[in-house]
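Notes to accompany the following structure.
The values are calculated or read from the model by the stated rules, or taken from the named source; none is laboratory data. Worth saying up front: this structure is predicted, and the values here are computed from it rather than measured. Every residue, glycine as well, gets a Cβ built from its backbone with ideal geometry; the counts of neighbours run over all protein chains shown. These area figures cover heavy atoms from the full protein model, side chains too; ligands, DNA and RNA do not enter into them. Shrake-Rupley method; radii C 1.70, N 1.55, O 1.52, S 1.80 Å.
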Amino acid sequence: MARRFPLAGLLRLRHAQQDRAAAGLAAANERVRDAADARIAARRSLADAEGGQPIQDAATLSAVAAARAATRGMLEELDAVVRSRRTEADQAQDAYNSARRSALGLEKLETQHVQQQTAEELRTEQNTLDEIAARRRTEGGAR
């Protein structure tokens, strides 16, 4: 009977770490998309405000200028959020890559272990067959 892979527990742990890192990466990418969507919506809002109705008095002009300034400030903040979230997503990608490398190394060891166990089983089976054949020759000859 084949021996169990001695590092199977560690391999399961590495797979769990990889799954956790993949979930973190997916969440980080979702946050990047959300921030980018908010940025696009703010840009559209600014573009819509620029092509609006004609301004007829100073108070309206002042209000429009204040709204545009606020929107530009919001765009700058959203740009900073996008950059920050992109950095977080890059870090999550690095964590996932690291976890995947760790799991891959153990998976390769497990494959080698299985191959060695299979080869050992085949050698044992072949030796048993050779012994049976040798006994038949010495006990009564070949038939």
Quiz prompt | Tilt relative to the chain, helix 58-139 - C-alpha long axis, 0 to 90 degrees, to 10 | solution = 0 degrees
Practice problem: Please report, in debye to the nearest 20, how large the charge dipole of the stretch 43-93 is about its Cα centre when each Lys and Arg carries +1 at its beta carbon and each Asp and Glu carries -1 there. | Solution: 100 debye
Exercise. Quantify, in whole percent, the carbon and sulfur part of the accessible surface of the stretch 5-87 (1.4 Å probe; protein heavy atoms only).
Key: 56 percent
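Starting from the Cα-Cα distance between E110 and A26, subtract it from 0.36 nm times their residue separation and give me the gain in nm to one decimal.
Numbers: separation 84, 0.36 × 84 = 30.24 nm, distance 2.81 nm.
Value of the extension gain: 27.4 nm.
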Practice problem: Starting from the residue with the highest accessible area, list E88, E76, E131 in decreasing order, probe 1.4 Å. | Solution: E76, E131, E88
Self-check item: Given charges at beta-carbon only (K, R positive; D, E negative), |dipole| of the chain in Debye
Solution: 600 debye
Quiz item: Hey, if you put +1 on the Cβ of every Lys and Arg and -1 on every Asp and Glu Cβ in the chain, which of A41, L13, Y96 ends up farthest toward the positive end of that dipole?
Solution: L13
Quiz item: What whole-number value in Å² describes the accessible area per residue of the chain for a 1.4 Å probe?
Solution: 74 Å²
Quiz item: What FRET efficiency, computed as 1/(1 + (r/R0)^6) with R0 = 25 Å and r the Cβ-Cβ distance, is obtained for S84 and Q56, rounded to the nearest 0.05?
Solution: 0.05
